[in-house]
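Data first, discussion second: the structure below is written as structure tokens.
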Amino acid sequence: MNNVSVIIPAYNEEKTIGQVIDKVRESKINTEIIVVNNCSTDKTETIAKQKNVKTVYCGNKGKGYAMEEGLKHATGNIVMFIDGDLGIYIDDIISLMVNPIIEEKAGFTKSAFSREGGRVTELVAKPLLELLFPNINNFEQPLSGIIAGTKEAFDKIKFEKDYGVDIGILLDMINNKVKIEEIYIGRIDNNSQSWQSLPKMAKEVASAILKRANVISKD
């Protein structure tokens, strides 16, 4: 029997966390919902608790830390991660992402979607992947944070602690020969990063890719 844990890493997402939880609950699949408060200074944790979901605190700031903390508390044999700042329009995103895993058609699913932005994806991630990993699938959204997989598969990989976590997970799943399916989930909205934050994000994404290409040290 399959049980699904949905982990929502969240940093100062009081404006959207309730909507994301409500969207997860629309699913036909019964899920365990875990909100990881990643050093928020707003009402993110309060709102999550009001929604009666499992809420845990992660004192190490960084998305990868929060994802790892959530994984420690997950009881499902299938785990899905979804960002806490999203506007999601599809009716049952949970079923769409986890059904290929339940049906054993894939061990890991990664979302593709329509939205504005994607500057680091187009200018950093995709060119580096094309140069360093030319034989892998051409993923439309390699940096997507909406992912799902078996807990066993997640337990076998090392999470980057920063913005490089999502691309690191994808490349590690490929390296571990996990069957991957990219799933189109329609349009989403999220809070685009400011121009000031883009250099840091680009560096962390590039670092995760270069480590897995053995160009720079993994330490």
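The values are calculated or read from the model by the stated rules, or taken from the named source; none is laboratory data. All values reported here derive from a predicted model rather than from experimental measurement. Note: ideal-geometry Cβ built from the backbone for every residue, glycine included; neighbour counts use all protein chains shown.
Here Ser197 meets the list (1) farther than 21 Å from Ala213 by Cα; (2) in a loop (DSSP other than H, G, I, E, B) almost entirely, failing just condition (2).
Scan segment 8-44 for residues that are over 19 Å from Gly87 (Cβ atoms) and either in contact (Cβ under 8 Å) with a residue 40 or more places away in the chain or touching a Ser or Thr at 6+ places or on another chain (Cβ under 7 Å) (or both) and the total you get is 6.
Against the definition (at pLDDT 95 or above, assigned to a loop (DSSP other than H, G, I, E, B), touching a helix residue (DSSP H, G or I) at 6+ places or on another chain (Cβ under 6 Å) and surrounded by 19 or more Cβ atoms within 10 Å (Cβ to Cβ)), how does Ala148 come out, yes or no?
On the way: at pLDDT 95 or above: yes; assigned to a loop (DSSP other than H, G, I, E, B): no; touching a helix residue (DSSP H, G or I) at 6+ places or on another chain (Cβ under 6 Å): yes; surrounded by 19 or more Cβ atoms within 10 Å (Cβ to Cβ): yes.
No, not satisfied.
For segment 26-48, name all the residues that are out of contact with any strand residue (DSSP E or B) (no Cβ under 6 Å at 6 or more places or on another chain) and crowded, with 18+ Cβ neighbours inside 10 Å.
Residues of segment 26-48 out of contact with any strand residue (DSSP E or B) (no Cβ under 6 Å at 6 or more places or on another chain): 26-28, 30, 39-43, 46-47.
Correct list: Ser27, Ser40, Ile47.
Taking segment 15-25 as the range and being closer than 18 Å to Asn3 by Cα and out of contact with any strand residue (DSSP E or B) (no Cβ under 7 Å at 6 or more places or on another chain) as the test, only Arg25 passes.
Pull up segment 78-106, narrow it to residues that are of a type in the set (Val, Ile, Thr) and more than 13 Å from Ile21 (Cα to Cα), then point me to the one that is surrounded by the most Cβ atoms within 10 Å (Cβ to Cβ). Reasoning before the result, please.
Going residue by residue through segment 78-106, those that are of a type in the set (Val, Ile, Thr) are 78-79, 82, 88, 90, 93-94, 98, 101-102.
Still in the list and also more than 13 Å from Ile21 (Cα to Cα): 78-79, 90, 98, 101-102.
Values: Ile78: 26, Val79: 28, Ile90: 18, Val98: 25, Ile101: 24, Ile102: 15.
Restricting to residues being of a type in the set (Val, Ile, Thr) and more than 13 Å from Ile21 (Cα to Cα), the top hit is Val79.
Yes or no, residue by residue, for (1) under 28 Å from Lys23 (Cβ atoms); (2) among the charged types (D, E, K, R):
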residue: Gln141; (1), (2): yes, no
residue: Lys177; (1), (2): no, yes
residue: Gly186; (1), (2): yes, no
residue: Ala213; (1), (2): no, no
residue: Ile216; (1), (2): no, no
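When each of Glu140, Glu181, Glu204 is tested for being in contact with a strand residue (DSSP E or B) (Cβ under 8 Å, 6 or more places away or on another chain), without any contact (Cβ under 8 Å) to a residue 60 or more places away in the chain and surrounded by 15 or more Cβ atoms within 10 Å (Cβ to Cβ), the lone residue that passes is Glu140.
Based on what the data block shows, is Glu13 in a strand (DSSP E or B) and either more than 20 Å from Tyr184 (Cα to Cα) or of a type outside the set (Gly, Ala, Ser) (or both)?
Working: in a strand (DSSP E or B): no; either more than 20 Å from Tyr184 (Cα to Cα) or of a type outside the set (Gly, Ala, Ser) (or both): yes.
When the stated conditions are applied, Glu13 does not pass them.
Taking segment 98-110 as the range and being in a strand (DSSP E or B) and either of a type outside the set (S, T, N, Q) or at pLDDT below 95 (or both) as the test, the residues that pass are Phe108, Lys110.
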